[in-house]
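Notes for the one structure printed next.
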Amino acid sequence: MTDDLFAELRKIDTPTITNVVATYPKNPLCLGLYNPWTENWYTDTSIRCIYPELGATIGYAVTCVYGLPDPNFSGRLSFMDVVDALDAMKKPTVLVIQQKWPPELHNKAGLAGEMMVSSMMAVGCVGLLSNGPSRDVDAIRKLRFQLLLGGVTAGHGEMAVQAVNVPVSVGGMDVAPGDLVHMDENGAVKFPVQHAEAVLKNARAMLDDEARRLVQIRKARTAAEVRAANSGGAYTQKKG
């Protein structure tokens, strides 16, 4: 992976990335990395992009679990263990936090604020994905750090890190440490790093094909013309 490859992947929208990762398994440009419906490889409607104006973000996943303090586990892990994991991972990184709270607290735990985000950015983190809320979104906006969250709230109580760099599930997406996470205002998708070049190549091809076909679709005035513009396109099936 190179900085140039990451820069080019940031030019692609997340739905196009999902299209070539797994959405259309019969599509010639689809890599078919997951079963689209039965595997959890992209986020659902519970996740909200806080700064859509930032465009797409991509990074290596570092994962952690937050929840209530456990007296049997007290003091064994802290946020600095999360920072250490971010520092040790290849760059750039996206921190994926699974928040585990009792139902009555889940929507009230404003987890990552300006101090946490600034600490994460210091070691190469470019975005945060979490199934729960965070806070300080006005201050973090100035940092140009992307947040995809379950919501926003102003406060929290005592909390604890329960695990670092373990498989997590956030917003309907299962993430392991080291997965590539691509995210924008549409949500997030994950895929293995070894497929990054193929994802970029096929995404460019799909976007080029769509652009050509959209010119014809927007000129169309009959169903026959629409059908002709779509015939043989990126969303048609592979030939037998």
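The values are calculated or read from the model by the stated rules, or taken from the named source; none is laboratory data. Quantities reported herein were computed from a predicted structural model and do not represent experimental measurements. For neighbour counting, all protein chains shown are included, and Cβ atoms are generated from backbone atoms with ideal geometry for every residue, glycine included. With ligands, DNA and RNA removed, areas are computed over all heavy atoms of the protein, side chains included. Shrake-Rupley method; radii C 1.70, N 1.55, O 1.52, S 1.80 Å.
Tally Lys/Arg at +1 and Asp/Glu at -1 over every other residue whose Cβ is under 11 Å from the Cβ of residue 110; what's the total? Neighbourhood net charge equals +1. Computed from point charges on the beta carbon alone (+1 for Lys and Arg, -1 for Asp and Glu), the dipole magnitude for the chain about its Cα centre is near 1040 Debye. Working from label points 7 Å from Cα in the Cα-to-Cβ sense, the residue 2 to residue 176 distance is 2.8 nm. Looking at the stretch 89-240, the accessible area is 50 square angstrom per residue; that uses a 1.4 Å probe and ignores ligands, DNA and RNA.
May I ask which residue of 165, 49, 93 lies farthest towards the positive end of the charge dipole of the chain, with charges of +1 (Lys, Arg) and -1 (Asp, Glu) on Cβ and the Cα centre as origin? Result: 49, furthest along the dipole toward the positive end. Where in the stretch 26-45 is the amide nitrogen less than 14 Å from a point lying 7 Å along the Cα-to-Cβ axis of residue 212? Once the point is set 7 Å along Cα→Cβ of residue 212, 29 turn out to lie under 14 Å by backbone N, inside the stretch 26-45. With each label modelled as a point 7 angstrom along the Cα→C-beta vector, the residue 88-residue 104 pair spans 3.8 nm.
The calculated FRET efficiency for residue 227 paired with residue 46, based on their beta-carbon distance and R0 = 35 Å, is about 0.40. Taking the protein heavy atoms of the chain in the context of the full set of protein chains, the accessible area attributed to carbon and sulfur is 51 percent at 1.4 Å. For the residues 101, 41, a 1.4 Å probe over the protein chains yields an accessible-area ranking, largest first, of 101, 41. In this structure, the pairs whose alpha-carbon distance is over 25 Å, taken from 11/108; 26/201; 11/91; 26/219; 26/90, are 11/108; 26/219; 26/90. Using R0 = 41 Å, the C-beta based FRET efficiency linking residue 70 and residue 197 works out to 0.45. Between the listed residues 224, 189, 214, the Cα displaced farthest toward the positive end of the dipole of the stretch 145-240, a dipole computed from Cβ unit charges relative to the Cα centre, is found at 224.
Taking a Cβ cut-off of under 15 Å around residue 176, the surrounding Lys, Arg, Asp and Glu residues balance to a net charge of -1, with basic ones at +1 and acidic ones at -1.
Highest mean packing comes first when the peptides 94-100, 150-156 are listed by Cβ atoms within 10 Å, giving 94-100, 150-156. The distance separating the Cα centre of the stretch 1-35 from that of the stretch 52-104 comes to 25 Å. Straight-line reach only, C-alpha to C-alpha below 14 angstrom: list the aspartates and glutamates that residue 142 could link to, leaving out same-chain residues fewer than 8 apart. Counting by Cα, and skipping residues close in sequence, residue 142 has these aspartates and glutamates nearby: 53, 114.
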